[in-house]
Amino acid sequence: MASFGPLTQGEGLNFAHSPIIVQVVAGTFPATAYLCKVKLRVACTFLLYDENGDYTAVTSEHPFSAEAASGQSIPFDISSAIRSALAPFIPDANEILQSGASFTYPFIKYHLYAKDEYMLKNVRYDSPEAIFGGYVNEQPAVNGIGVAGGLSAFERYKTAHFPSEYPISFSDLTRKPANGEVYAVGDIITHAYFDTQLKRVVATNATIIQGMNTYFDGMRRVFGETNADRRLFAFVNAFGVVETVSALSKESLEWESESEETNLSQTPSFHPAPVRTMIQAEGTEFYGCSSGPQTREWIAWWATEFLSAKHFWMMMEGLWVPCTIKPTDEKVTIYDKKTQNLQSVDFDVTPALNGSSITSFVL
């Protein structure tokens, strides 16, 4: 009968974009058996809470299998199953980032089942399923909690070699430095953390108050200033949660449009007629922004965390507008001891919606 090995990641927080290892140890197969394998079944329950505390639950099962010999230990990476179960959730900053409100991110509860399977004299046999963690109140024990996001390979390498020196704390799901963050008055800042009691990721949002110079939720020190040149951005960070950051506008707005000229076929005629036409595509705005002069730690954060995100929004006229962001230069200088100057990160912002925000028609 198959069993679970000691390297199985048991109950706790697991990121879907980092390896989640389950070790299955094969039982003893008959000597004449063939097509011997171990099979792992991951039963996932997708939980999405609303503002009233009610939730939607969707269940799914994800099978894994591998050929094995008697007593062989087989590791499975089940992170793909967690990512697949989380796929129905698409983050939307307009729903998540509401001042004074909290948001519970969707998460996966999963259960693990393993068994042996083999063929003997053209008949298929399998063993009873082993349940990892046993039962709690006559129900299979929850083996783990899966959320979006992941740790970098360097972070996992450090924790493996220096587990006591580099403890992983999920009290603040951000890689921002603790001090030196600046927002404009009225901006929204979010604080996401893993609630160890409820086993879920929760985000609380607050509006920056004028002159604020304090620790936000006891974690990060922020300052609010009156500056019309600041723009507020939101993005999905490496931990899978939406967070905000304020950048300086470089007073740059460009408009790009494309046109295509086409030859027209004409019926022969004594009177001339137009022989070419032009099709004008909808134009797109481009904004130039900058982190402003920053310390080495903050430049590294802008370059490796902010610019590496895959989903961005920019606050425009009270709405979070989806956008794309790319660095102005392909190479970002973190620090340069030859110049002894504070560096900055410049980037270009393109709203994902065509049309002008200046001359828009408002009903």
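Pick from Thr32, Thr104, Thr28, Thr56: which is surrounded by fewer than 17 Cβ atoms within 10 Å (Cβ to Cβ) and under 25 Å from the mean Cα position of the chain (by Cα)?
Thr56
Looking at segment 268-329, the strands (runs of 3 or more DSSP E) lying wholly inside it that each contain 1 or more residues that are touching a helix residue (DSSP H, G or I) at 6+ places or on another chain (Cβ under 8 Å) and open to solvent by less than 90 Å² (accessible area, probe 1.4 Å) sit at 312-316, 319-327.
Scanning segment 127-142 for residues that are at pLDDT 85 or above and hydrophobic (A, V, I, L, M, F, W, C), which turns out surrounded by the most Cβ atoms within 10 Å (Cβ to Cβ)? Write out each step before concluding.
Looking only at segment 127-142, we keep the residues that are at pLDDT 85 or above, and these are 127-132.
The next check asks that each one be hydrophobic (A, V, I, L, M, F, W, C); those that pass are 130-132.
Details: Ala130: 19, Ile131: 15, Phe132: 21.
Top of the filtered list is Phe132.
Taken over segment 143-161, residues that are open to solvent by 80 Å² or more (accessible area, probe 1.4 Å) and of a type in the set (A, V, I, L, M, F, W, C) amount to 1. Would you mind stating whether Phe76 is farther than 30 Å from Gln98 by Cβ and either of a type in the set (Phe, Trp, Tyr) or outside any strand (DSSP E or B) (or both)? Judged against the criteria, Phe76 is a match. Which residues, counting only those in segment 5-25, are in contact (Cβ under 8 Å) with a residue 40 or more places away in the chain and open to solvent by 40 Å² or more (accessible area, probe 1.4 Å)? Matches in segment 5-25: Leu7, Gln9, Glu11, His17, Pro19, Ile21. Just one of the listed residues (Ala81, Ala85) is without any contact (Cβ under 8 Å) to a residue 40 or more places away in the chain, under 18 Å from the mean Cα position of the chain (by Cα) and buried (at least 16 other Cβ atoms within 10 Å of the Cβ), and it is Ala81.
From the list Ala228, Ala184, which one is modelled with pLDDT of 80 or more, out of contact with any strand residue (DSSP E or B) (no Cβ under 7 Å at 6 or more places or on another chain) and either closer than 20 Å to Gly288 by Cα or open to solvent by 50 Å² or more (accessible area, probe 1.4 Å) (or both)? Quick ask: steps written out before the conclusion?
On the way: Ala184 fails: out of contact with any strand residue (DSSP E or B) (no Cβ under 7 Å at 6 or more places or on another chain).
Among Ala228, Ala184, only Ala228 is modelled with pLDDT of 80 or more, out of contact with any strand residue (DSSP E or B) (no Cβ under 7 Å at 6 or more places or on another chain) and either closer than 20 Å to Gly288 by Cα or open to solvent by 50 Å² or more (accessible area, probe 1.4 Å) (or both).
When we screen Ser99, Ser171, Ser164 for residues that are under 30 Å from Asn237 (Cβ atoms), open to solvent by 80 Å² or more (accessible area, probe 1.4 Å) and hydroxyl-bearing (Ser, Thr, Tyr), the only hit is Ser164. Filtered by the rule that a residue be part of a loop (DSSP other than H, G, I, E, B) and free of Cβ contacts under 8 Å to residues at least 24 places away in the same chain, segment 54-73 gives a lone residue, Asp54.
Just one of the numbered conditions (1) part of a loop (DSSP other than H, G, I, E, B); (2) modelled with pLDDT of 90 or more is not true of Glu11: (2).
As for segment 119-140, it holds at least one residue that is part of a loop (DSSP other than H, G, I, E, B) and under 28 Å from His17 (Cβ atoms). Please go through segment 89-118 and give me each residue that is outside any strand (DSSP E or B) and in contact with a Leu (Cβ under 8 Å, 6 or more places away or on another chain), ordered by number. The answer is Phe89, Asn94, Pro106. For segment 14-25, a tally of residues being outside any loop (DSSP other than H, G, I, E, B) and either over 27 Å from the mean Cα position of the chain (by Cα) or over 16 Å from Lys115 (Cα atoms) (or both) returns 5.
The values are calculated or read from the model by the stated rules, or taken from the named source; none is laboratory data. Keep in mind it's a predicted model, so treat the numbers as computed, not measured. With ideal geometry, Cβ positions are generated from the backbone for all residues, glycine too; neighbour counts draw on all protein chains shown. The protein model used for the area step is the full one, side chains on, heavy atoms only, and it has no ligands, DNA or RNA in it. Shrake-Rupley method; radii C 1.70, N 1.55, O 1.52, S 1.80 Å.
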